[in-house]
């Protein structure tokens, strides 16, 4: 069964205003690899002991732009961010934003009750999950290029935990959505079956009383039929004939054949 509401696919576009800070003494090998129009995909660029992390901020639902964030580690191990901040804290806050976004989605999952709630969570997870995967991949590349930096190792492991949490949340939300859709389909099928059974009962009742109703209409007409002076026995006789005919018609409605034809059919 397919859900009526289909996912809205939004293709991300990157911010066009990101440039390398002029004060950063990066080697030309890195500068020449950095584009002028946008930050491009998340990646780690390493040359002569310098490390440049090109990352994306945690995406928000419905936002097609991907805002970039640059972090430079010089050969002395000193970090700088493109906003002018120094030290490792800006990079920690960058990863923490992903962690907070995951926690918010997890809270929404715990409160979700209907299919539309789960679908909204899936729409929000998709870009964040993809960006978190690229974040972990970038930090892993940085770990391989600067193997002695324990801070990069810790950040990489943290990014992996976030990515893994989003993967699990995505699977749980997807399963919950499919279960909700299947349960609603099952409920609808049960209601349809109940309606069929109710309609069948009404048909049986109509079949039983139809002959009697027809006889009542015939003999209730204001014309002479020769039975006006008969005893009450004639009334009960006509009633009995109507009821017998009704049970015969009932058998035809229920079994699809007349009673005498059922008796005449040989058993296999």
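Summary table below
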item	result
Enumeration of residues in region 31-63 that are in contact with a strand residue (DSSP E or B) (Cβ under 7 Å, 6 or more places away or on another chain), part of a loop (DSSP other than H, G, I, E, B) and modelled with pLDDT of 90 or more	42, 57
Positions within region 105-122 being exposed (fewer than 13 other Cβ atoms within 10 Å of the Cβ) and within 20 Å of residue 59 (Cβ to Cβ), in sequence order	107
Output for region 65-91, where each listed residue is buried (at least 16 other Cβ atoms within 10 Å of the Cβ), in a loop (DSSP other than H, G, I, E, B) and in contact (Cβ under 8 Å) with a residue 60 or more places away in the chain	82, 88
Single unsatisfied condition, residue 148 versus (1) exposed (fewer than 14 other Cβ atoms within 10 Å of the Cβ); (2) modelled with pLDDT under 90; (3) in a helix (DSSP H, G or I)	(3)
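The values are calculated or read from the model by the stated rules, or taken from the named source; none is laboratory data. For clarity, every value in this text was computed on a predicted model and none was experimentally measured. We place every Cβ from the backbone using ideal geometry, glycine too, and count neighbours over all the protein chains shown.
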